[in-house]
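Enquirer: Okay, handing you the structure first.
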Amino acid sequence: MEKRQFKTEVSDLLHLIIHSLYSHKEIFLRELVSNASDALDKAKYKMLTEGNSPDQELRIDISFTEGDKRTLTISDNGIGMTHDELNENLGTIAHSGTKQFLANLTQDQKQNSNLIGQFGVGFYSAFMVADKVEVTSRAYGSTEAWKWSSDGHEKYTIEEAQLDHTGTQIVLYLNDEGKEYANRWQIEQLIKQYSDHIAYPIFLAYDQNTYDDKYNVTGTEHKVEQINTAAALWTRSKSELTEKDYNDFYKNSWYDTEDPLFYIHTKAEGATEYTTLFYIPTKAPADMYHADYKSGVKLYVKRVYITDDEKELLPSYLRFVRGIIDSEDLPLNVSREILQQNRVMANIRNASVKKLLSEFKKLADQNPDLYSKFIEQYNRPLKEGLYQDFANRDELLGLVRFKSTSVDGWTSLDAYKERMTADQKAIYYLAGADSEALKKSPLLAMYREKGIEVLLMGDDIDDLVISGVGKFKDLEFKAINKSGAMDDFESADDKKKAEEENKGLVEKVKKALGDRVKEVKSSTRLSDVAAVVVTDDYDPTVRMQQLFKAMGQDTFEKVAPILEINPSDPFVKRIADSSDDSFVSDASSILLDQALIAEGVLPEDPAEFAAKLHRILAQ
Ligand code: ADP
C-alpha cells in the first residue's frame, strides 16, 4: 500500500469546502453523479470511435447500507482511472473544476453559502458527508484495478484492488452530517432535483419489506429501479416539455440559481440536421468580460458529448449564451482543427447566430419589458458584434440600445429615427465615461434648444463601434464633440461673420496656448459655459486617447484638442479686453484646463494649474 500526502492546495481546499458549503452538503451527490456521467460519455465516445459496440449498457448504480455503519456507493461502468490517473485526478486539484470554483469566488460569495451551492465543486465535496471515501477504479482497456482511499485530511492511500467491471466505484462512509443520505427517498429526491436529465440511466438498489394480507412483515425483497428520466432533454419534443423542465435543466447544467431569461429550442432538418437549445441567463455570466471566459455552449454529436471547451461554436460577442448544439452530421472523432474548418459546423454556427438574433428581435418587438432586462445585461457584447460580425450588422443595429436626451431608459435607433425633426440630417451622439455624466455636457445646450435628440453613449467601446459603423440606414452618425458637427447648423456665411468678429480674441488665446491646442475657434453653440474641447472629425477624441493609454497602447500620436470658446462668456470677454500678457496666458490656460476637466481629463501638472488658478482668483 502506498501512502501519499495531498498537495497542500488540496488540504486547504477540503477545509474550505467543508466549511463554506455546509448548508448545501447535498450537492455532493450531484457532483459524483455528474463525474460518473462524464466518465460514461468518455467511454461511449471511445467505444464508438474505436468501432466497438458497448458490451453492456452504460449506467450509474447507487446503493446504500443502513444501520450503524452507513455507506453510500455510487458506481459507473465508464472510462475508469489508472493508478496514475487516480493520483493525478484525486491527489491534486490541478485539473479539477474545484480549483476553478475557488478562483471564481468573490469574497462576498465565500460568505454567502447560498451562492456557493450553485457552483460545480467536484469530487471533494464528498468529504462534507463522509469520514472516509474509497474510490476503486479500473481503466478502460485494463484488467487491473486500484483503490484510492482517504479520510479527507492530509493523506490518502492507493493499493491494488478488485473490480469486476471497467469503471469506477465510490464508497462513502457517511458521517453524522451524511447519514440521512443512506435513504431511498432522499436519494430519489436529490436525483430528480439535480440529475434527472443525465443521459444515462441511474439505478437505485434498495430492500423493501414484503407483507402478508394482515400487513405483517414477512421478509425483504431486493429491488433495483431506475430513478431518472435519462433522456437528453433537448432530444424530446417541445410539446412534451414544460417551462420548468427547461429551466431546471438549465440551472442544473450551468449551475445558476436563477431561471434563465428565456430559451430557444430549435430542431433543424434538411441539408444539415441538428438540434440546438440555447439559454439566455438572467444575469450576465461573471466571466463575460474576462479574456479567458469559459464557453457556455456544449457540443454533442448524435447525443454523444464532445466538448464544452470550444469557443468557436458561437462568435465571441454571443459568449453569454448557454446551451447545447447536437449535430447529426459531424464525425464523432471530430478534432478542434476539423471543427474550425468544417462546413457542417460553419452552417450550424451561422444558422444559430441568425436564429438567436431573430429571436432577440422578436423579444424586443413582443416583450419590451423582458427585452430591457436583456439589454441591461447584454447591450455591450452585442455592440462588440457590430464590429465583429459584418454580415449581421444590420440585425445588430436593430438590437442595440442607447441612452438619449429625449427618453428615459433605452432607445433603439429606429425609435430615434422616428423622433427626428423634419430637417434633421444625421444621428447625433456624444460618447463619454457614463451616460449620466454626459447629460450634463455643455455641448448639449444648443441641441436642447433646437429640440434635437442626442444619443448619450456611455460604454467604453461606443466611440470605436460607432465610428466603425458610420451609418444607420441612410443616416450618418455624428459625434457632437467633433468639429464638423456644427456644419449642419451654421451657414457658411454666419460662420465666416462670427469668425471675423472674434478673430482678435481667437488669435490671442491660440498664441497663449501654443501647441497645447490644435486650433482655437469661436463658438456659437455654447450658452452656459466658457469653453469646450472638441476634436477634428478624423482625430480620436480626448477620451479615446485616454482609453488607449489606459490599456497600455500607444496607438495614437497624442493629438491636441480643438478649443471652442464662447465669446459672450464674461471670463472670455475679460481675456478679449485684457492687454496684460501674463493674465491672458494664465486665463487661457485655465480656460483649456477647465474644459478638459469637464471631459474627465485632469491637468498634467496639477501644481501649475493650482498656481495659475490662484493668481487669477487673487486678481
Ligand atoms: P472535475 O470533474 O471538475 O474535473 P473533480 O474533482 O470532480 O473535478 O474530479 C477530478 C477528476 O477526476 C475528473 O476530471 C476526472 O478526470 C476524474 N474523475 C472523477 N470521477 C470520476 C469517475 N467516476 N470516473 C472517471 N474519472 C473520474
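Enquirer: What does the charge dipole of region 402-480 about its Cα centre add up to, to the nearest 20 debye, if the Cβ of each Lys and Arg holds +1 and the Cβ of each Asp and Glu holds -1? Numbers along the way, then the final one.
Expert: On the way: 11 positive and 14 negative charges, 58 e Å.
So the magnitude is around 280 debye.
Enquirer: Next up: Considering Cα pairs under 8 angstrom that are at least six residues apart, work out the relative contact order of region 488-618 and quote it in whole percent.
Expert: Relative CO of region 488-618 lands at 28 percent.
Enquirer: Given the pairs Lys471/Lys495; Lys403/Lys471; Lys44/Lys302; Lys503/Lys573, which are separated by over 20 angstrom at their Cα positions?
Expert: Lys471/Lys495
Enquirer: Just name one of Ala611, Ala530, Ser568: the one whose Cα is farthest towards the positive end of the charge dipole of region 488-618 (beta-carbon charges, Lys/Arg +1, Asp/Glu -1).
Expert: It is Ala611.
Enquirer: Within region 264-342, which GluC sites (Glu not before Pro) sit in a loop by DSSP and count at most 11 neighbouring Cβ atoms inside 10 Å?
Expert: When the GluC sites (Glu not before Pro) of region 264-342 are filtered for loop state and at most 11 Cβ neighbours within 10 Å, Glu269 remain.
Enquirer: Now for a different question. How high is the relative contact order of the chain, in percent, counting Cα pairs under 8 Å that sit 6 or more residues apart? Each step should come with its number before you reach the end.
Expert: Details: 1026 pairs, mean separation 49.9, N = 619.
For the chain, the relative contact order is 8 percent.
Enquirer: Hey, what do the phi angles of region 254-270 turn into as Karplus ³J(HN,Hα) couplings, whole Hz, using 6.51/-1.76/1.60 and θ = phi - 60°, x for Gly and Pro?
Expert: 10, 6, 10, 7, 9, 4, x, 5, 6, 9, 9, 10, 10, 10, 9, 10, x
Enquirer: Also, quick follow-up: Out of the DSSP beta bridges found with both residues in the chain, what percent are antiparallel (nearest 5)?
Expert: 75 percent
Enquirer: When the helices in the chain are scored as -39500 (n - 2.57) per DSSP H run of 4 or longer and the sum is shared across all residues, what 222 nm value do you end up with, to the nearest 500 deg cm²/dmol?
Expert: -11500 deg cm²/dmol
Enquirer: Continuing with this model, one more query. How much area per residue is accessible in region 505-619 when the probe is 1.4 Å and only protein heavy atoms are counted (Å²)?
Expert: Per residue, region 505-619 has an accessible area of 55 Å².
Enquirer: Computing the accessible area with a 1.4 Å probe over protein heavy atoms, can you report the carbon and sulfur percentage for the chain?
Expert: 47 percent
Enquirer: Still on this structure: What list of ³J(HN,Hα) values in whole Hz, one per residue of region 201-214 in order, does the Karplus curve 6.51 cos²θ - 1.76 cosθ + 1.60 (θ = phi - 60°) give from phi, with Gly and Pro shown as x?
Expert: x, 10, 9, 10, 9, 8, 9, 10, 5, 10, 10, 8, 5, 9
Enquirer: Collect residues whose amide H, placed 1.01 Å from N in the peptide plane, falls under 5 Å from the amide H of Lys155; neighbours closer than 5 in sequence don't count.
Expert: Sorted by chain and number, the residues that satisfy this are Phe6.
Enquirer: Looking at the chain, identify the longest residue range that excludes and avoids all chymotrypsin sites (Phe, Trp or Tyr not before Pro) in DSSP loops having at most 12 other Cβ atoms within 10 Å. Don't jump to the answer; show the numbers that get you there.
Expert: On the way: sites that count: Tyr215, Tyr289, Tyr538, Phe556.
Formally, the longest exposed-site-free interval is 290-537.
Enquirer: With +1 on the Cβ of every Lys and Arg and -1 on the Cβ of every Asp and Glu, and nothing else charged, how large is the dipole of the chain about its Cα centre, in debye rounded to the nearest 20? Please list the in-between numbers first.
Expert: Details: 77 positive and 105 negative charges, 185 e Å.
Using only the charged Cβ atoms, the result is roughly 880 debye.
Enquirer: Which whole-number value in Å² is the accessible area per residue of region 341-405, probe 1.4 Å?
Expert: Per residue, region 341-405 has an accessible area of 48 Å².
Enquirer: Can you sort Asp586, Asp408, Asp309, Asp488 by 1.4 Å-probe accessible area, starting with the largest? Walk me through the numbers before you get to the answer.
Expert: Details: Asp586 15, Asp408 150, Asp309 80, Asp488 35 Å².
The ordering from most to least exposed comes out as Asp408, Asp309, Asp488, Asp586.
Enquirer: Let me ask something additional. Counting alpha carbon pairs within less than 8 Å and at least 6 residues apart, what relative contact order, in whole percent, applies to region 233-371?
Expert: For region 233-371, the relative contact order is 20 percent.
Enquirer: Give the long-range amide H neighbours of Ser522: residues separated by 5 or more places, or on another chain, with amide H under 5 Å away, using H modelled in the peptide plane at 1.01 Å from N.
Expert: Residues meeting the amide H criterion: Ile565.
Enquirer: On to the next question. Using the Karplus equation 6.51 cos²θ - 1.76 cosθ + 1.60 (θ = phi - 60°), what ³J(HN,Hα) coupling, rounded to whole Hz, does each residue of region 379-390 give in order, writing x for Gly and Pro?
Expert: 4, 5, x, 4, 5, 4, x, 4, 9, 8, 10, 4
Enquirer: Need the C-alpha centroid separation for region 146-208 versus region 335-363, integer Å.
Expert: Rounded to whole Å, the Cα centres lie 39 Å apart.
The values are calculated or read from the model by the stated rules, or taken from the named source; none is laboratory data. These figures come from a predicted structure and were not determined experimentally. Here Cβ is always computed from backbone atoms with ideal geometry, including for glycine, and neighbour counts include all displayed protein chains. Side chains are part of the model used for accessible areas, which takes the heavy atoms of the whole protein and leaves out ligands, DNA and RNA. Shrake-Rupley method; radii C 1.70, N 1.55, O 1.52, S 1.80 Å.
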